[in-house]
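To start, the structure itself, in structure tokens.
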Amino acid sequence: MTEAVSRCGYVAIVGRPNVGKSTLLNHILGQKLAITSRKPQTTRHTLLGIKTEGVVQAIYVDTPGLHKDNEKALNRFMNKSASQALRDVDVVLFVVDRLRWTDEDDMVLERVRHVQCPVLLVVNKVDRLDDKKQLLPHLEWLTTQLPDAEVVPVSALQGRNIEHLESLIAERLPQSEHFYPDDQLTDRSSRFLAAELIREKVMRQLGAEIPYQVTVEIEQFKQEGKILHIHALILVEREGQKKIIIGDGGDRMKKIGQEARLDMQKLFGSKIMLNMWVKVKRGWSDDERALSSLGYTFDR
């Protein structure tokens, strides 16, 4: 009997903002790791999600959405992070949203055309199509844009066709020993994941009012007995944004804390004592030095 071949490799998930890249990663992993919201540019950092099944270990690289706005240092950081993720990977998942195609999709396409590894063109959110008959002509058009890529329609939210997608990925991964322990989920620290969960709740709570100049810094992360104590600073750029996040009588802040605490308890498997404060740090999103101090690393 032939022994199964061990496979391992990196899989970059790229696309313009808001096409469902993080939702796709979470469904593949079977648990929430990457934060999600309906707002574009929710993802700011590349994030590794590691899935090991038997002899196959796929290391997914979730990336910020590639976009045309390069005015602020934060936007330049996100675009650079996404572009760099295309280097030295073994498979690329180019995620697009149903029949929608924009200038930013064209921008991603130009980058993907130059990669040296296999590409899977993942058409997400097909469950939301009103007229399914429109899908086939669009898939055929996509094939003309990337002739060497296999086009895979999926619904990341509902899990449709995800198993088939994973099998296509596994076939394309190189033969290799596994890079990470089989039970490891990510390369990111628990502090980072806690900060991201709080930022997600801020984005979801604020809806149309969302100040994109929001980031979260963890000041304390300490396990004492059965309780994990987390102290977090929510940083904004203007006093008015601080008032919006706190809400009337602190109501909004309370809701952000409650929702973040629930997700943290699931992720960390511990009772959480969460304390949060909002602080104004003017101009942080357009200051490379400030960004670097907050964990946004610029490669020179």
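The values are calculated or read from the model by the stated rules, or taken from the named source; none is laboratory data. Just so you know, these numbers come straight off a predicted model, no measurement behind them. Note: ideal-geometry Cβ built from the backbone for every residue, glycine included; neighbour counts use all protein chains shown.
Every residue, every condition in (1) at pLDDT below 90; (2) touching a strand residue (DSSP E or B) at 6+ places or on another chain (Cβ under 9 Å); (3) assigned to a strand (DSSP E or B), yes or no:
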{"residue": "Gly240", "(1), (2), (3)": "yes, no, no"}
{"residue": "Asp251", "(1), (2), (3)": "no, no, no"}
{"residue": "Gly257", "(1), (2), (3)": "no, yes, no"}
{"residue": "Phe298", "(1), (2), (3)": "yes, no, no"}
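Here Val115 does not qualify as under 28 Å from Gln31 (Cβ atoms), outside any helix (DSSP H, G or I) and not polar (S, T, N, Q). A residue that is of a type in the set (Val, Ile, Thr), outside any strand (DSSP E or B) and farther than 30 Å from Ala4 by Cβ occurs nowhere in the range 217-235.
Within the range 133-188, count every residue that is closer than 23 Å to Thr36 by Cβ, in a loop (DSSP other than H, G, I, E, B) and in contact with a strand residue (DSSP E or B) (Cβ under 8 Å, 6 or more places away or on another chain). Residues flagged as closer than 23 Å to Thr36 by Cβ, in a loop (DSSP other than H, G, I, E, B) and in contact with a strand residue (DSSP E or B) (Cβ under 8 Å, 6 or more places away or on another chain) within the range 133-188 amount to 7.
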